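Read the structure below first, then the notes.
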Amino acid sequence: MLVCDIGKNLNGFSLDVNIAAKPGVTALMGASGSGKSMTLRCIAGISKPDRGRIELNGVVLFDYEKKINLPPQKRNTGFLFQDYALFPNMTVRQNIMTGAKHKTTHEKQSAAEELAETFHITPHLNKYPCQLSGGEKQRCALARILAGSPDILMLDEPFAALDSHLRWELELELAGLLKSFNKPILYVSHNRSEVYRLCDDIVIMNAGKNEVFGDKRTVFKNPATVQAARLTGCKNIAAIAITGTRISVPNWGIEFEAVKTPKDIHYVGIRSNYIIPASIAKEGDVIAAFPFEIVSEIEDTFTSILMVRKRGTNLPVIRWEMPKKERAALRGMPQELAFLREYVLFLR
Amino acid sequence: MDLFPLFNSLRITAIATSAAFVVGIFAAYAVLRLPRFVKGLCDTILTIPLVLPPTVVGYFILVWLSPRSVIGTKLYEWFSMTITMRWYAAVVAVAIIAFPFVYRTARGAFESFDQNLLDAGRTLGLSEKYIFFRILLPNCKHGIIAGTVIAFARGLGEYGATSMVAGYIPGKTATVSTSVAFFWQINQDDMAFYWVMINLAVSVVFMVLINVFNKPKVRG
């Protein structure tokens with residue numbers, strides 16, 4: 001169990017994070033510069049917070065008030081750097097051995113060989129990092145980290161340095177590893193699908209603060225904040241104006257009756273693949289329907305993206321996305337588009 | 001032909017460069033970890049022998065180490081030892097002149113070194129000593145060695161400070177470069193030419209060495 005409640009000021013940027021992570025994978029999602037990596041660095045002890053407290057499995061790693069600040073060497077954290085940070089002057093074997101905390105060189109060596117076996121890099125034990133592929137580097141770095149049996153794993157965008165065609169296979173491997181590691185894991189990523197596949201809980205970071213925390217299904221279904229909606233892939237977000245029980249969305253030119261108006265709501269969002277023609281929607285499910293015109297059409301790999309807006313207006317466009325097959329079936333354009341009650345996100 | 005000046009030059013420069021090598025590397029490492037303001041100040045002080053005329057360096061050494069200076073008096077009292085006008089006075093002079101070459105290149109190499117590797121070492125539980133000797137130094141060795149070779153070459157040709165603090169005493173403090181000046185001054189042009197040629201030969205060898213060590217690394 002990790003409890004991390006810290007703050008840090010860095011020329012104009014202020015980090016103010018309060019997160020708890022239980023055994024399992026907790027994703028940290030956020031835009032660049034939202035403080036994800038800095039949070040990991042503070043937990044690992046290679047950056048020092050200005051205030052707060054970090055506790056891992058009952059051990060206090062950092063406590064500003066009590067002036068406790070364990071050096072990174074004593075924190076026993078496993079930190080996977082974005083570029084893997086393998087030591088270029090050492091072979092794969094030597095790299096893994098540096099992570100092992102056994103007493104004798106002989107023990108370290110056999111531990112390294114065992115881990116190399118697990119990570120399928122035995123043939124590369126005597127190679128140098130520059131002779132490895134991206135995937136092999138990642139495996140070597142993971143083996144090196146696990147050699148020290150860390151109390152927490154922190155992965156900083158583990159796939160950022162890899163070609164996309166390598167990612168899938170490695171992700172499957174990593175998924176197995178993450179499942180079998182029965183301690184907290186923090187996983188920093190930009191990629192929402194990757195996060196959804198690999199993680200259990202999600203922390204959304206925005207401008208140095210943790211904005212949303214929750215189970216991944218809940219966060220994706222109801223992101224609660226604009227930033228969370230964007231990071232979970234919601235493309236259409238617009239400000240709202242509330243008059244009595246009516247909610248109007250000026251940017252989309254629609255208005256609807258609010259069943260109940262949740263507090264602090266200033267925006268609504270709708271995912272681009274949840275918009276449907278009004279003709280196929282069930283009456284009771286529709287929250288708003290409007291006549292539309294197509295501004296432009298973009299063909300994506302497997303989907304068609306239509307940029308639409310309310311007919312006869314000059315409003316900002318809404319992104320409507322569907323599989324190409326459905327697009328082809330849409331030849332006779334429907335008259336109206338519908339937003340379903342179930343899929344409209346109300347956002348802070 | 002008396003080859004003592006060549007031997008003396010090599011001896012002085014070897015000892016002085018070794019000292020500059022060790023102190024320069026540690027100074028570079030220490031300065032990098034200082035707070036910004038002190039860093040700039042220390043950097044200026046440690047680099048200044050590079051831009052000062054060697055005679056000024058010689059002047060300061062004389063002021064501090066001559067038998068009439070505070071340190072010089074104590075050294076004589078405690079160890080009956082005078083430093084100036086001895087071959088080891090030249091070691092002090094050459095070490096100071098050569099120091100910035102090691103210091104600057106080591107600093108540059110440390111600065112451009114990937115900090116993540118050091119941090120990775122720390123999170124893996126490696127001691128600072130291990131990280132310095134087994135990760136930082138080996139990966140910076142090309143730059144540091146190249147700097148040291150330049151320091152050695154510069155030290156070998158040192159004239160200004162050496163002639164001030166050690167003078168020219170045949171068989172005692174004479175070096176290659178002071179020999180050239182000495183023989184020229186007493187009109188023994190052929191001897192001056194002889195030592196000029198030795199100087200040139202040594203320099204060529206060092207230029208070759210510098211190029212060998214400056215070659216881009218093949219392996220990461």
Worksheet item: With a ≥ b ≥ c the root eigenvalues of the C-alpha gyration tensor of the stretch A:143-209, is it rounded (a/c under 1.5), prolate (a/b larger than b/c) or oblate?
Response: oblate
Item to complete: Report the antiparallel proportion of the DSSP beta bridges in the stretch A:94-248 as a percent, rounded to a multiple of 5.
Response: 70 percent
Item to complete: With springs only between Cα atoms under 10 Å apart, run a GNM on chain B and tell me which of B:V208, B:V22, B:V149 wobbles the most.
Response: B:V208
Practice prompt. Could you state the angle between the C-alpha long axis of helix A:134-146 and the longest principal axis of the C-alpha atoms of chain A, as a value from 0 to 90 degrees rounded to the nearest 10?
Written response: 60 degrees
Worksheet item: In square nanometres, what is the average projected area of the Cα convex hull of the stretch A:9-53?
Response: 3.6 nm²
Worksheet item: Taking a quarter of the surface of the Cα convex hull of the stretch B:109-220, what do you get in nm²?
Response: 9.9 nm²
Fill in: Angle between chain A longest axis and helix A:164-180 axis [Cα atoms, degrees, rounded to 10]
70 degrees
Worksheet item: What dipole magnitude, in Debye to the nearest 20, does chain B give about its Cα centre under +1 on Lys/Arg Cβ and -1 on Asp/Glu Cβ?
Response: 680 debye
Fill in: Spin-label pair B:A201/A:T301, simplified geometry with 7 Å Cα→Cβ offset, distance in nm
6.9 nm
Discussion item. So if the hydrodynamic radius of the stretch A:236-347 is defined as the Kirkwood radius over C-alpha pairs, what does Stokes-Einstein give as its diffusion coefficient at 20 °C and 1.002 mPa s, in µm² per second?
Written reply: 147 µm²/s
Worksheet item: Pick from A:K325, A:K221, A:K127: which residue has the top mean-square fluctuation in a GNM of chain A where Cα pairs under 10 Å get a spring?
Response: A:K325
Fill in: Under the Karplus curve 6.51 cos²θ - 1.76 cosθ + 1.60, θ = phi - 60°, whole-Hz ³J(HN,Hα) for the stretch B:166-171, x wherever Gly or Pro sits
10, x, 10, 10, x, x
Discussion item. Could you tell me how far the Cα centroid of the stretch A:153-195 sits from the Cα centroid of the stretch A:318-332, in Å?
Written reply: 33 Å
Discussion item. Over chain B, what is the relative contact order in percent, taking alpha-carbon pairs closer than 8 angstrom and at least six residues apart?
Written reply: 29 percent
Discussion item. Using only the alpha-carbon atoms of the stretch A:1-112 as identical scatterers, what base-10 log of I(q)/I(0) does the Debye formula give at q = 0.12, 0.18 Å⁻¹?
Written reply: -0.53, -1.00
Worksheet entry | Tilt relative to chain A, helix A:105-118 - C-alpha long axis, 0 to 90 degrees, to 10 | 30 degrees
Item to complete: May I ask you to list the trypsin sites (Lys or Arg not before Pro) in the stretch A:37-85 that are in a DSSP loop and have at most 14 other Cβ atoms within 10 Å of their Cβ?
Response: A:K66, A:K67
Practice prompt. For the protein assembly as shown, take the alpha-carbon Rg, divide it by the Kirkwood Rh, and send me Rg/Rh.
Written response: 1.17
Worksheet item: Dipole of the stretch A:74-156 (Lys/Arg Cβ +1, Asp/Glu Cβ -1, origin at the Cα centre): which of A:T118, A:P88, A:A141 lies farthest to the positive side?
Response: A:P88
Practice prompt. Would you calculate the volume per residue, in Å³, of the smallest convex hull containing every Cα atom of the stretch A:2-222?
Written response: 128 Å³
Worksheet, complete the sentence: Which of A:K67/A:K108; A:K101/A:K127; A:K179/B:K129; A:K74/A:K103 exceed 25 Å between C-alpha atoms? The answer is A:K67/A:K108; A:K179/B:K129
Worksheet entry | Radius of gyration and Dmax over the Cα atoms of the stretch B:4-214, both given in Å | 19.5, 67
Item to complete: Name the residue, out of A:E157, A:E117, A:E299, whose mean-square fluctuation peaks in a Gaussian network model built on chain A with Cα pairs under 10 Å.
Response: A:E299
Practice prompt. Scan chain B and report its longest stretch carrying no trypsin sites (Lys or Arg not before Pro) that are both in a DSSP loop and have at most 11 other Cβ atoms within 10 Å.
Written response: B:69-216
Worksheet item: Under the Kirkwood approximation for Rh and a Cα-based Rg, what ratio Rg/Rh is obtained for the stretch A:152-273?
Response: 1.08
Worksheet item: In debye, nearest 20: dipole of the stretch A:236-347 around its Cα centre with unit charges on the Cβ of K, R (+) and D, E (-)?
Response: 20 debye
Response to the item:
Computed for the protein assembly as shown: size of charge dipole around the Cα centre, +1 on C-beta of each Lys and Arg, -1 on C-beta of each Asp and Glu, debye to nearest 20, value 680 debye
Discussion item. Per DSSP helix of 4 or more residues, -39500 (n - 2.57); summed, then divided by the residues of the protein assembly as shown. What does that give at 222 nm, rounded to the nearest 500?
Written reply: -14000 deg cm²/dmol
Response to the item:
For the protein assembly as shown, percent of DSSP beta bridges that are antiparallel (nearest 5) comes out at 75 percent
Item to complete: Quote the FRET efficiency, to the nearest 0.05, computed for A:T245 versus A:E65 with a Förster distance R0 of 56 Å and r equal to the Cβ-Cβ distance.
Response: 0.70
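Read-outs throughout are calculated quantities, based only on the coordinates presented, and are distinct from any laboratory measurement. Model, not experiment: these values are computed from the prediction. Neighbour counts run over all protein chains shown; Cβ positions are idealised from the backbone, glycine included.
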